[in-house]
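Worksheet for the structure shown next.
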């Protein structure tokens, strides 16, 4: 019963092995008690060694197995090797890794007084067992995979257990091939893929797997060194090379990286030369204002850099008009392609109808002296771009004007007329002139009162029958008495003095100057506060500006007020002068003459009396 059970178990174990197993049998008998067999397969799913008696000999139940770990009694007078104790084994190589001997007792039936004879069968392998992985190394694009094959003696192994490191866990699986990376997310990096025949790592071999992604894109501008870049501003026609950097460092997988370009541009393509399976590409930057994104791709990984080809788009800060003066200046600014800053090492080139100083970054100070004219402009550019023109402006001729400080009075002789008029003072209203000048701060024309004159007609005479009272003419007591009376009473019936008449008229002319001067200052202040706007056609010269200022209602009102107040105050001053000042002025001349006449009369013999 025991034998039946054992054989049934052996039959069940051997059935699946018949398809992929190697079995060898050694034959023994009384004259050949030991035999040896050689397994030819370097690897297999199982190996079985058996013994068989010949020549009528019969085996007893005695049986033993002497071999390395993994061999076990697998039936009547046979042993098999399928597993290694305590570990999972997917294939074995007993033919080369193990020496095996099975032994027992035999006898030949029919004899008497005999004894049991020992027998043995030994097994050994033939050929080598050289495991390897194909390929031995692989560069795998991120998101792609590679199939590794476990090989023995350059042929596919029956199966294999696999793992990867770092962080790949222990050996597992049961396949001669392994897809790396396994399903799921795995970081880019350098990995070791290992295969073995069992979970203990027997017949273990390894391969290198670089799981490669695009780490970053670096840029070289104008032949300079490479630097990390995600956003890049370059001037027009700048040499630009982009380099893809792999993670991990080292070689790229075959046909990687690939490059692509997207965005808005004028030219058909921005690549100068190859853009596939190269790590460095050259870019076309000949069109200012282009904005494009260049992407390096390795598998499903990408890194991009956005490139803006910078040029001057416009000039800001200018006004409509300037003056031809050394101090007249304006800070102007070059506006670049939207969102761009001035690339390192680049500078703006300024030119046109201005001088330039204090050039710094995007700004410069424009000076307009010696650039008189209409529709002037300046230009700015970066590198080889076509210069960009500013809006037009005018430069006005420099006009200098100095205010007159006071009225100039011109006296002319004017003969008295009319009955009883011994003297006359007749002033004219002040005649003024203005000079227009340009004010850059307000873009307006203003004016200065540059001349102011008032003509005063003045004269005196002796009325008919009246003579000049002099000492020489005083030749008698009667004449003396008449002269003394006329000078004392200012009657002037027969005798008077021209100088007294002149003194009288001077009071009037002094009054005119006194009242006119402050009224002129008021007029000047009002006029010099007026302004008119610059206009490139109707009001672009000092002469045109002067005409417009003179036509201003506010100017006319100021002049009318000046004239009216002068007339009003002049008429009032005449009354005031005649109330005393003119009399005092006459007496200042007459009294000294009267004193001289008195002395002359006293000197006569006998002395003249009044």
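The values are calculated or read from the model by the stated rules, or taken from the named source; none is laboratory data. Quick caveat: nothing in here was measured; it's all calculated off a predicted structure. For neighbour counting, all protein chains shown are included, and Cβ atoms are generated from backbone atoms with ideal geometry for every residue, glycine included.
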Output the number of the condition that residue 204 fails; it satisfies all remaining conditions of (1) surrounded by fewer than 21 Cβ atoms within 10 Å (Cβ to Cβ); (2) in contact with a strand residue (DSSP E or B) (Cβ under 6 Å, 6 or more places away or on another chain); (3) more than 30 Å from residue 152 (Cβ to Cβ). (3)
Residue check, residue 403 touching a helix residue (DSSP H, G or I) at 6+ places or on another chain (Cβ under 7 Å) and more than 30 Å from residue 140 (Cβ to Cβ): yes
Considering segment 272-298 alone, what residues qualify as being within 21 Å of residue 258 (Cβ to Cβ) and assigned to a strand (DSSP E or B)? 276, 280, 281, 282, 283, 292, 293, 294, 295, 296, 297, 298
So, of the residues in segment 343-361 that are under 23 Å from residue 222 (Cβ atoms) and touching a strand residue (DSSP E or B) at 6+ places or on another chain (Cβ under 7 Å), which turns out to be surrounded by the fewest Cβ atoms within 10 Å (Cβ to Cβ)? 359
Test: residue 505 is under 19 Å from residue 457 (Cα atoms), in contact with a strand residue (DSSP E or B) (Cβ under 6 Å, 6 or more places away or on another chain) and either modelled with pLDDT of 95 or more or not in a helix (DSSP H, G or I) (or both): yes
Would you mind telling me which numbered condition in (1) in a helix (DSSP H, G or I); (2) over 30 Å from residue 532 (Cβ atoms) residue 609 fails? (1)
Checking the conditions here, which among 223, 263 is closer than 25 Å to residue 338 by Cβ and either in contact (Cβ under 8 Å) with a residue 24 or more places away in the chain or surrounded by fewer than 18 Cβ atoms within 10 Å (Cβ to Cβ) (or both)? 263
Residues that are closer than 21 Å to residue 291 by Cβ and out of contact with any helix residue (DSSP H, G or I) (no Cβ under 8 Å at 6 or more places or on another chain): list the strands (runs of 3 or more DSSP E) wholly contained in segment 325-364 that include at least 1 such residues. 329-336, 348-352
Is it true that some residue in segment 203-212 is free of Cβ contacts under 8 Å to residues at least 40 places away in the same chain, under 60 Å from the mean Cα position of the chain (by Cα) and not assigned by TED's automatic domain parsing to the domain that holds residue 62? no
Could you list, in sequence order, the residues of segment 579-610 that are free of Cβ contacts under 8 Å to residues at least 40 places away in the same chain and either in contact with a helix residue (DSSP H, G or I) (Cβ under 9 Å, 6 or more places away or on another chain) or within 12 Å of residue 488 (Cβ to Cβ) (or both)? 584, 595, 607
With respect to residue 79, determine if the residue is outside any loop (DSSP other than H, G, I, E, B) and at pLDDT below 75. no
Only one of (1) surrounded by fewer than 18 Cβ atoms within 10 Å (Cβ to Cβ); (2) modelled with pLDDT of 90 or more; (3) more than 21 Å from residue 340 (Cα to Cα) does not apply to residue 253, and that is (1)
